[in-house]
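What follows is a set of notes on a single structure, which appears directly below.
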Amino acid sequence: MFLLTLKNQQDDGAYAVENRYGDKVLFLFQKHDDAERYAMMLLEQDEERPMDVIEVDDMLAINTCRRYNYKYSVITPNDIVVPLKYNDELNDNISED
C-alpha cells in the first residue's frame, strides 16, 4: 500500500484528510499510480506542499491504525477520490429557495 507524506519532511507523519465530523482519515492507496495522481491534485491546489508517495506494508499500516484507533480508508483502483477545494464563490451562488 501507499500513503502520502509532505515531501522532504517524513518526520511530520502521513497526510490525512478531514472527514465531515472533523476526524482525520488516513488514505491507504492500493496502487502507486492512484497515490501519485492524488498527490498531483493536491499540488495543483497548494503548490507550497508537495507530497511524496511512500510504500508501506499493508498489514503493518492497518494494524497500526487499529492499535492507535486512527481512522483509515483503503483506496482501491475502483475508487475515485478527489481533494475537496472549498470555494466561497460557489457558496454565494447557491439560492435558498
In the range 56-79, what count of residues is obtained for those that are assigned to a loop (DSSP other than H, G, I, E, B) and among the charged types (D, E, K, R)?
-> 2
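Restricting attention to the range 20-40, report how many residues are of a type in the set (Asp, Glu), at pLDDT 95 or above and touching a strand residue (DSSP E or B) at 6+ places or on another chain (Cβ under 8 Å). Please lay out each step first, then the result.
First, the residues of the range 20-40 that are of a type in the set (Asp, Glu): 23, 33-34, 36.
Next, from what is left, pick out any that are at pLDDT 95 or above: 33-34, 36.
Add one more test, that the residue is touching a strand residue (DSSP E or B) at 6+ places or on another chain (Cβ under 8 Å), and what stays is 34, 36.
Residues that pass the stated criteria total 2.
Just the residues that are in contact (Cβ under 8 Å) with a residue 24 or more places away in the chain, more than 14 Å from residue 3 (Cβ to Cβ) and open to solvent by 90 Å² or more (accessible area, probe 1.4 Å), please, taken from the range 47-73. Even if it seems obvious, please write down each step before you answer.
If we filter the range 47-73 for residues that are in contact (Cβ under 8 Å) with a residue 24 or more places away in the chain, which is where we start, we get 49-58, 61-62, 65, 70-73.
So of that shortlist, the ones also more than 14 Å from residue 3 (Cβ to Cβ) come out as 49-50.
Scanning the range 47-73 gives a single hit, 49.
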Just for the range 18-27: of the residues that are in contact (Cβ under 8 Å) with a residue 12 or more places away in the chain and open to solvent by less than 70 Å² (accessible area, probe 1.4 Å), which one is farthest from residue 83 (Cα to Cα)?
-> 23
Find all pairs meeting these conditions: Cβ atoms under 6 angstrom apart; at least six residues apart or on different chains; first residue within the range 28-46 and surrounded by fewer than 21 Cβ atoms within 10 Å (Cβ to Cβ); second residue among the polar types (S, T, N, Q).
-> 30/76
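The values are calculated or read from the model by the stated rules, or taken from the named source; none is laboratory data. Quick caveat: nothing in here was measured; it's all calculated off a predicted structure. As a convention, Cβ positions derive from the backbone with ideal geometry for all residues, glycine included, and neighbour counts pool all protein chains shown. Ligands, DNA and RNA are stripped out before the accessible areas are found, and what is left, the full protein with its side chains, is counted by its heavy atoms. Shrake-Rupley method; radii C 1.70, N 1.55, O 1.52, S 1.80 Å.
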